[in-house]
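Working notes for the structure below.
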Amino acid sequence: MQQKRCHWLGVFGLFLFVAITAAAPAHAWDPAAPAPPADFTAFNRRFSSDLYPYPRHGAAPLGLLGFEIYADATYDRSFDEEPFFRTVIDGNLPGSALSIGRVGIRKGLPGGVDLGVSYGQALGSGVRLVSAEAEYALLGGGVLEPALGLRVTGTRTVSSGAYDLHQFGAELLLSKGFAILTPYVGAGLTYSRGQLGHGATLLTDNATRAVAYAGVRLNLLLPKIVVEVEKGEVVQGAVRVGFGL
């Protein structure tokens with residue numbers, strides 16, 4: 001019965017992701033070379049910030065039997081207003097906003113450790129990415145005690161055409177559960193290495209930046225809904241719908 005339930009939750013999460021991506025035209029835009037180096041630097045720092053896999057969950061460990069299957073999407077409404085958009089981007093954003101859609105799974109392990117993987121896409125483009133995360137509970141949380149976690153992430157692009165990104169991050173995450181609501185905050189550092197083009201036209205940018213975020217999770221029986229505000233290069237919003245224990 002448990003295996004059957006996990007199967008259908010996985011199917012539903014995949015359905016949500018397909019629905020999100022289907023709403024965006026295929027390859028409406030893509031990063032394109034050649035581009036002015038200064039514009040590529042500005043683009044990479046903004047774009048890699050938007051691609052970062054923020055947690056969108058609290059700090060309490062899932063536990064040995066715990067898991068989460070989810071789909072989420074971000075929203076950056078001013079990405080196409082930047083000067084670099086005219087020189088680095090070929091095409092137009094769907095709805096004039098940059099959105100990153102993801103599906104993923106998180107699983108609890110012994111010792112307060114959670115592991116997760118996700119697959120995402122910059123909607124309307126050929127930029128696809130995979131991410132992995134690991135979190136260790138410094139404080140497990142309880143009726144009176146908040147939860148505190150140390151989280152590390154890694155991301156790289158796949159099938160992304162002329163643009164390539166390798167990214168790593170580390171954060172501290174604090175949360176406190178109250179009945180059906182779990183507010184949380186966190187902050188950390190990310191390192192992003194972006195490249196555009198090939199051979200003589202290859203451009204590279206390395207960037208280290210601080211990130212911060214705050215969100216709230218609505219812990220319904222089905223589903224779990226998260227709304228998060230994220231600050232990297234700019235402020236963006238994100239929504240996640242998840243299922244699990």
Checklist entry - So, with +1 on the Cβ of K and R and -1 on the Cβ of D and E, and no other charges, what is the size of the charge dipole of the chain about its Cα centre, to the nearest 20 debye? => result 680
Item to check | Cα-based reach from residue 176 at 18 Å (exclusive), listing aspartates and glutamates while leaving out same-chain residues under 8 positions away | outcome: 114, 135, 145, 228
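Under unit Cβ charges (Lys, Arg +1; Asp, Glu -1), what dipole magnitude, rounded to 20 debye, does region 52-159 have relative to its Cα centre? Mind dumping the intermediate values first?
Details: 9 positive and 11 negative charges, 49 e Å.
Around 240 debye, computed over region 52-159.
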Checklist entry - Along region 212-225, what does the Karplus equation 6.51 cos²θ - 1.76 cosθ + 1.60 (θ = phi - 60°) give for ³J(HN,Hα), rounded to whole Hz, x for Gly and Pro? => result 8, 7, 8, x, 9, 10, 9, 8, 7, 4, 8, x, 9, 10
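Calculate for the chain the 222 nm mean residue ellipticity that helices alone would give, adding -39,500 (n - 2.57) per DSSP H run of length 4 or more and normalising by residue count, nearest 500 deg cm²/dmol. Could you put the intermediate results ahead of the total?
Values: 3 runs with 40 residues, N = 245.
It lands at -5000 deg cm²/dmol.
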Item to check | Given charges at Cβ of Lys, Arg, Asp, Glu: the chain dipole, positive-most of 63, 36, 52 | outcome: 63
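Counting only other residues whose beta carbon sits under 13 Å from that of residue 148, what net charge do I get with K and R as +1, D and E as -1?
Numbers: positive: 151, 176; negative: 135, 145, 171.
Here the charged neighbours net out to -1.
Using 1/(1 + (r/R0)^6) with R0 = 22 angstrom and r between the beta carbons of residue 225 and residue 115, what's the FRET efficiency to the nearest 0.05?
My answer for the efficiency is 0.45.
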Checklist outcome for this item: Cross-link reach from residue 224 to aspartates and glutamates, straight Cα distance under 17 Å and at least 8 residues apart if same chain, gives 68, 72
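Please find the FRET efficiency linking residue 64 to residue 214, where r is the Cβ-Cβ separation and R0 is fixed at 25 Å, and quote it to the nearest 0.05.
Numbers: r = 29 Å, r/R0 = 1.15.
Plugging the Cβ-Cβ distance into 1/(1 + (r/R0)^6) gives 0.30.
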Checklist outcome for this item: Taking a crude spin-label model, label points 7 Å out from Cα along the C-beta direction, the residue 139 to residue 198 distance in nm is 5.2
Checklist entry - Here are several values of Cα extents along the principal axes in Å: [x] 56, 34, 28; [y] 104, 33, 29; [z] 120, 46, 40. Which one was derived from the coordinates shown? => result [x]
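Within 12 Å, Cβ to Cβ, of residue 78, how many net charges do the neighbouring residues add up to if Lys/Arg are +1 and Asp/Glu are -1?
On the way: positive: 46, 77; negative: 50, 76, 80, 81, 82, 233.
Spelling it out: positives minus negatives among the neighbours equals -4.
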Next on the checklist: Using the Karplus curve 6.51 cos²θ - 1.76 cosθ + 1.60 with θ = phi - 60°, what ³J(HN,Hα) values do you get for each residue of region 36-43, in whole Hz, with x for Gly and Pro?
Outcome noted: x, x, 5, 5, 5, 4, 5, 4
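Every read-out reported here was derived from the displayed coordinates using simple, explicitly stated rules and does not represent laboratory data. Because the structure is predicted, anything quoted here is derived from the model rather than measured. Glycine also receives a Cβ, built like all others from the backbone with ideal geometry; neighbour counts cover every protein chain displayed.
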